[in-house]
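Notes for the one structure printed next.
The values are calculated or read from the model by the stated rules, or taken from the named source; none is laboratory data. Since the model is a prediction, treat every value here as computed from it, not as a measurement. A quick note on method: Cβ atoms are made from the backbone with ideal geometry, for glycine too, and the neighbour counts reach across all protein chains shown.
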Amino acid sequence: MSDARGLPLHISRLDKHYAGKAGPRTVLRGIDLDVEAGAFVTLIGPSGCGKSTVLRLVAGLDRDYAGTIRVGGAPIHGPDLARGMLFQEHRLFPWLTVRQNVALGAFHSGRTPAALDAHVGALLERVGLGHAADLFPSQLSGGMAQRASIARTLAGDPRLLLLDEPFSALDAFNRLALQLELERLWQRTGITMILVSHDIEEAAYLSDRIVVLEADPGRIRTVVDNPLPRPRDRLSPAFNAIKARLFDALHVATGTPHAGGADPATIAEEAL
Amino acid sequence: MSPEASSAGRLVPGAVHEAPQAIRARTAGWRIAAGRLAPVVLPLLLLGLVAGGWEAMAVALHSPLVPHLPEIGKELGRVFKGGRFFGEMAVTLLRVGAGFAIAFVAAVAAGIAMGRQKAVAHFLEPAIIVGLTVPGLVWALLCVIWFGIGLTGAAVAVALSIAPALLLNILQGVRAVDAELLEVAAMLRLPLRKRLTCLWLPSLMPTLLGGARLGLSLAWKVVVLVELFGLSSGIGYQLNSEFGAQNVAGVIAWTLGFAAVMAVIEYGVLAQLEHHLMRWRRTAQV
């Protein structure tokens, strides 16, 4: 499929307040963000910076905001299957089998029952769950459940995928495997991806661009472009340079002295 | 090995010199056997004790008000002879079923509406409070007066008596429905019918089954009153005629038959239904 499949996202002057006991609290202030069709953009920042709130607003789950959000040039009115969302939890219906859960995602596709069945089967094969189609969610491992959730979202043929820390509850091996699968999916389908993450390596590995937010109120601090060619080598110096820029933008100490910082040898000498 | 077994091995006095493994093995074996037999033996034990106690009372009191077990057995034979009991039971069941169905559908609809819309909750709250306080006897009397004798009066009396309790029960279930799954349903743009069948009803299933038990137990009590006052068929009517004849053994016989049918519905139908509907649940290992 071509890159024309993804939908562009345009956000300008986005403000969001929550009503609190001590007056309204500003969660987002003046967010401007343009994501071209088929791009992979990550929002990263400390907790409370409102990165998940941005996703919920784009998803149409919360319609109480000020500013402009346009997807594919059109304003949004509530949720839409073109804007799929993956949550940190798999959120499968526990009383439905994997197959039934995925079929719910394609409920609006207008397929005949036989065609729907074939479509669901193909999606499950794609995420590597062909053998688990008739299991209940409680019988799945965390990685399998999140794969089933991906298949359910894909069943709605989304053109913009909102990923709210979908891998953060998984173990390291599953996380790496799913990051790889997500990258392949993105490359094959051209779906625009907006990922919310607090994992710097995940952001550096997957994104074309990383938007660094800060908290109180949530606003954009800086945007880090990531032009590294794919497939990316997590161990390469160029990759680590991107990570270093992100650590720096997030004001996170990495445990090694920065350029301009005091030299440990000097400190040791002075202590003596 | 269960933790209870190992702690028992340590706590039993005088068993200090025995190898702990042997004690544990023996205790565990005993526990497994007891665990298998308990669901059958213990209820039968209670029934036996009650029957024995009753017979002892009958012997001690020598009163026609406390008939001996054989007399009750004879009455049971008379009641069940020629399928008479099942005919009356079917009539009563139909009345209960009709009233229960009305109340159940109304309570599910009102419960979901109340859980989702605060205005509806405020509006209907007085109805629940008043409904819970009105005795079933009042509904039975009023419905006999309003609807006369027939299925309608009985069904309406049953529905009015059990709906408030059902509604209260379902309302608690609605408020506990997973908000995260509601968001998923919104994201997938599921239509109302799918939301009901794939989200609301399965979420509410434990509540609904509990409500069904509660509702049925209340429904029996009311339908018997309606039959006693205004109808010429059903278990309540038969109870009333035995009462008129001062036949204590007859009253007990009808009640025993009634209770047996209830037990079949409880264990044969509701428990099986629950087992089937809740099969997606991971069984707890502790």
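Out of A:Val58, A:Val102, A:Val41, report the one residue that is assigned by TED's automatic domain parsing to the domain that holds A:Thr222, closer than 29 Å to A:Arg184 by Cα, β-branched (Val, Ile, Thr) and assigned to a helix (DSSP H, G or I).
A:Val58
Restricting to the range A:143-160, count the residues that are within 14 Å of chain B (Cβ to nearest Cβ) and in a helix (DSSP H, G or I).
Going through the range A:143-160 one residue at a time, the tally reaches 10.
Which residues, taken from the range A:63-100, are of a type outside the set (Val, Ile, Thr), within 9 Å of chain B (Cβ to nearest Cβ) and without any contact (Cβ under 8 Å) to a residue 60 or more places away in the chain?
The answer is A:Gly78, A:Pro79, A:Asp80, A:Arg91, A:Phe93, A:Pro94, A:Trp95, A:Leu96, A:Gln100.
Of the conditions (1) within 12 Å of chain B (Cβ to nearest Cβ); (2) closer than 30 Å to A:Ile220 by Cα, A:Ala106 fails just one. Which one is it?
(2)
Find the residue count for the range A:11-29, including only residues that are in a strand (DSSP E or B) and of a type in the set (A, V, I, L, M, F, W, C).
4
Residues of the range B:167-192 being more than 8 Å from chain A (Cβ to nearest Cβ) and at positive phi, which ones?
Answer for the range B:167-192, where residues must be more than 8 Å from chain A (Cβ to nearest Cβ) and at positive phi: there is none.
State which residue is surrounded by the most Cβ atoms within 10 Å (Cβ to Cβ) when the search covers only the range A:68-98 and only residues that are basic (Lys, Arg) and in contact with a Leu (Cβ under 7 Å, 6 or more places away or on another chain).
So the residue we want is A:Arg83.
Test each condition in (1) closer than 23 Å to A:Ile150 by Cα; (2) away from chain B (no Cβ under 14 Å) for A:Asp34 and report the one that comes out false.
(1)
Could you list, in sequence order, the residues of the range B:193-240 that are out of contact with any helix residue (DSSP H, G or I) (no Cβ under 6 Å at 6 or more places or on another chain), farther than 20 Å from B:Phe100 by Cα and away from chain A (no Cβ under 14 Å)?
Within the range B:193-240, B:Ser232 is the sole residue that qualifies.
Quick check on this structure: which one of A:Leu9, A:Leu57, A:Leu14 is touching a helix residue (DSSP H, G or I) at 6+ places or on another chain (Cβ under 8 Å), under 17 Å from A:Asp164 (Cα atoms), surrounded by 19 or more Cβ atoms within 10 Å (Cβ to Cβ) and in contact (Cβ under 8 Å) with a residue 40 or more places away in the chain?
A:Leu9
Quick check on this structure: which one of A:Asp157, A:Asp171 is touching a Gly at 6+ places or on another chain (Cβ under 9 Å) and closer than 18 Å to A:Val71 by Cα?
After ruling out the rest, the residue left standing is A:Asp157.
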